[in-house]
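Working notes, structure below.
The values are calculated or read from the model by the stated rules, or taken from the named source; none is laboratory data. Source: prediction; values computed, not measured. FYI the Cβ positions are ideal-geometry reconstructions off the backbone, even for glycines, and counts take in every protein chain you see. Each accessible area value is taken on the protein alone, full model and side chains, heavy atoms only, with ligands, DNA and RNA left out. Shrake-Rupley method; radii C 1.70, N 1.55, O 1.52, S 1.80 Å.
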Amino acid sequence: MGKTLTLNSPPSPDGEAPPRRSLVLYQFTALLLTFLSYAAFHASRKPPSIVKSVLSAHPPFDGPSGPHRLGELDLAFLSVYSISMFFSGQMADRTDLRKFLSLGMLLSGASTAAFGLGYWFDIRHLSFYFLIQVFSGVVQSVGWPCVVAIVGNWFGKSSSKGAIMGIWNSHTSAGNIIGSVLASSVLEFGWGWSFLSPALLIIIMGFFVWILLVVHPSDVGFDTPATEIEMDDEENIAGAENLNTNIANGDGEEATLLGIDGVKAEFDSGSGSDSDSDSALAQTEAIGFLDAWRLPGVAPFACCLFFSKLVAYTFLYWLPFYIRHNGVSGQQLSHKAAGILSTIFDIGGVFGGISAGLISDRLSGRAITSILFLFLSIPSLIIYRAYGDISMKHNIGLMFLSGYFVNGPYSLITTAVAADLGTQESIKGNARALATVTAIIDGTGSVGAALGPLLTGYISTRGWNSVFLMLILSISFAILFLINIAKGEIISKMDEAR
């Protein structure tokens, strides 16, 4: 077995690392800004679901084909979003994350506001709304790879990553709640205002991110995580030890000015000859798209998220419409009341995401936790469909339970799982792979997210029981993709217990 040697990063220019308290402050700031920025992204996506019932009386979404066209509009956004996600992940690994994220937020705000112009200018052409949604899909795809990569930079391989990510990923539900409340509260003044208010929110947040966000600890003088290199012969061990000595001592101007990249070049030119050492030191290079797909666990979790996100986004885009048309206690709710009531699902999702993160940390099993939540979401959906309209108390309680179990695995896979897979040992902890892996997982999930609302637009015309059957089948497929990984986690736990 080869010897593991730690290659340390160069010290800060003044020779002293910043105090621990400052590090915690920067970590908290990065966590807060990325939380608020992605909450703003989700808030700006919420208006279409809030105004669906109103749009169904507005050309070109009126008439018997109205639900079909609304579903196709969701498809336009989500399909482009899912495709663009793969490219955004690659760009995020190769560009300034702060500028890239800020630009995505500003353009997302512009596209959301542009959709609302259809109200004030009485635009009745489907192509206008279609093109706006296509553009929105492109610019909205910037957000997720960026925020996950930034959080990964600051928290690395923390032992409590699941809990941290579970709490942090409540930005999805928080954004849905904020977007629902903003869009619903101004809907009575005209549906255009439901788009303008979330648009202003994300634009303002975009400027805050541009001014305040620090992308990486090294940008403010903190040491970057050490690099672990597997060495199989004494010559390479000696060569790497010399590199550590040069870095630690600041061997002349060369070590100070060139830092780790310069030392890598020196190592390549003759200090070490083993190709494995070269590849380990080249960890800052971005990983290829196909190489990221081949990483262990990426494909199964991506396929699981395809079906899990299909279910979550069906609720995201159609729940207010469902509540409005099915009523509660035999009474039909107003557009505003239905929109605000739908936030209960997202509140349940907040607690579900946090719980999934905590449980997965406790069990050290991401797949086991995901399967547990997915399995329990099936009876929760059946009960909500059967008894949710009996009374307001039944509706709130069962909707909360459904959101808890549906959003739990969705939250876990898109955050802690993606971060784990993007920094796993098979790529030597290459942080530059994180945005690409995250984009692959969430991009694949977004394909399912595009399919769910589209199918709902067609299937709902035949009855909502058929829609819930589709959701239950989707959850069942999601479970199947994780069975082998869960088996591996169980076997690993049993081996550790021996």
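Some notes on this structure:
- Qualifying residue in the range 51-72 (condition: assigned to a helix (DSSP H, G or I), open to solvent by 10 Å² or more (accessible area, probe 1.4 Å), under 20 Å from Val447 (Cα atoms) and charged (D, E, K, R)): yes
- Screening Val209, Val151, Val181 for residues that are open to solvent by 10 Å² or more (accessible area, probe 1.4 Å) and at pLDDT 85 or above leaves exactly one candidate, Val181.
- For the range 119-138, a residue qualifies if it is crowded, with 23+ Cβ neighbours inside 10 Å and without any contact (Cβ under 8 Å) to a residue 40 or more places away in the chain, and exactly one does: Ile132.
- Residue count for the range 389-408, restricted to those that are in contact with a strand residue (DSSP E or B) (Cβ under 6 Å, 6 or more places away or on another chain) and open to solvent by less than 30 Å² (accessible area, probe 1.4 Å): 1
- In the set (1) out of contact with any Ser or Thr (no Cβ under 8 Å at 6 or more places or on another chain); (2) assigned to a helix (DSSP H, G or I), Thr95 fails one condition alone, (2).
- As for the range 304-317, it holds no residue that is β-branched (Val, Ile, Thr) and surrounded by fewer than 24 Cβ atoms within 10 Å (Cβ to Cβ).
- Scoring Ala386 on the criteria (1) at pLDDT 85 or above; (2) open to solvent by less than 50 Å² (accessible area, probe 1.4 Å) leaves a single failure, condition (2).
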